[in-house]
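Step one of this worksheet: look at the structure below.
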Amino acid sequence: MCLKKIESELKKKENELRELRKENRQLRCKIKELAASSSVWKDKFLTTKKKLKMQALPCSGSVTSRIDRHKYDALLVDLSVNIYVLGRSGFRRVVSILSYLNKTLQWDLKQLPCKSSVENWVQKAGYHIYANVDDEKYQDGYGIIVDECMVVGQERMLAVLGVPAAKTVPTALNLGDVDILALKVKTSWDGAAVEAMVQSVTEKMGKPALYAISDGATNLRMGLYKAGIPRICDSGHQLAL
């Protein structure tokens with residue numbers, strides 16, 4: 001009787017040990033994920049700190065950083081755009097941050113840009129990035145992501161995003177890793193219109209994409225087929241099916 005009780009207790013302890021080992025493995029995986037996430041955020045912090053770190057901001061009208069037909073310096077424009085993009089701030093918040101930096105760091109700027117000026121600079125910077133794609137990262141080929149991404153009233157927006165054909169980073173693909181290669185709005189997108197959009201991207205890049213990623217929409221599939229671009233199923237939609 002005593003032996004059976006001991007055996008029962010032993011099995012119970014073995015089960016508890018197995019559960020503890022399982023929990024230990026899960027915690028180790030969690031620690032690895034947190035360490036990787038911490039490394040990514042640390043890199044972002046250092047990049048942002050490097051961009052914003054400066055001893056003094058040139059006075060408005062400086063010869064070395066002056067923009068033609070503009071009363072603000074290139075450095076002030078660049079700082080405003082980066083605060084908006086990297087700091088995830090609104091346009092009014094950018095003006096508030098510039099005002100604080102002006103007082104704290106004693107830049108002695110007599111006039112700061114308004115919210116509308118910052119918004120205008122961000123839009124121009126975005127268009128410049130759209131019109132001037134960095135070709136160097138696509139030397140080994142590129143892929144495209146095609147999607148009808150937005151509907152406004154009766155209009156439908158078709159976006160074509162570019163990404164290096166081969167995986168270059170250990171993390172998952174995010175918005176910062178892609179470029180907008182084409183963006184257009186029409187009342188409807190049939191296969192021929194999608195094909196023309198893809199062909200315009202081919203002309204812009206100087207070579208066709210190695211593959212395309214899209215959902216299973218008939219017009220997208222037909223357009224990619226006519227353009228001769230191999231299609232890969234969008235994983236989110238495909239897993240849902």
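Numbers below:
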{"read-out": "When residues of region 207-222 are limited to those that are touching a residue at least 60 places away in the same chain (Cβ under 8 Å) and of a type in the set (G, A, S), the one nearest to A131 (Cα to Cα)", "value": "A209"}
{"read-out": "Qualifying residue in region 87-100 (condition: farther than 27 Å from G216 by Cβ, of a type in the set (A, V, I, L, M) and surrounded by fewer than 14 Cβ atoms within 10 Å (Cβ to Cβ))", "value": "no"}
{"read-out": "Selection from region 120-148 of residues that are free of Cβ contacts under 8 Å to residues at least 40 places away in the same chain, closer than 29 Å to N219 by Cα and part of a loop (DSSP other than H, G, I, E, B)", "value": "N132, D140"}
{"read-out": "Candidates V151, V160 - the one that is touching a residue at least 12 places away in the same chain (Cβ under 8 Å), of a type in the set (A, V, I, L, M, F, W, C) and not assigned by TED's automatic domain parsing to the domain that holds L79", "value": "V160"}
{"read-out": "Meets criteria (touching a residue at least 40 places away in the same chain (Cβ under 8 Å), in a helix (DSSP H, G or I) and more than 19 Å from the chain's Cα centre (by Cα)) for S117", "value": "yes"}
{"read-out": "Selection count, region 226-241, where residues are loosely packed, with under 15 Cβ neighbours inside 10 Å and not in a loop (DSSP other than H, G, I, E, B)", "value": "8"}
{"read-out": "Qualifying position, being part of a strand (DSSP E or B), exposed (fewer than 15 other Cβ atoms within 10 Å of the Cβ), of a type in the set (A, V, I, L, M) and in contact with an Asp or Glu (Cβ under 9 Å, 6 or more places away or on another chain), among V185, V169, V151", "value": "V185"}
{"read-out": "Cβ-Cβ under 6 Å pairs, at least 6 apart or on other chains, region 20-49 side at pLDDT below 85, far side surrounded by 10 or more Cβ atoms within 10 Å (Cβ to Cβ)", "value": "T48/L86"}
{"read-out": "Qualifying positions in region 154-166 - farther than 23 Å from V40 by Cα and part of a loop (DSSP other than H, G, I, E, B)", "value": "Q154"}
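The values are calculated or read from the model by the stated rules, or taken from the named source; none is laboratory data. All values derive from a computational prediction rather than experimental measurement. Cβ sites come from the backbone with ideal geometry, for glycine too, and all protein chains shown count toward neighbours.
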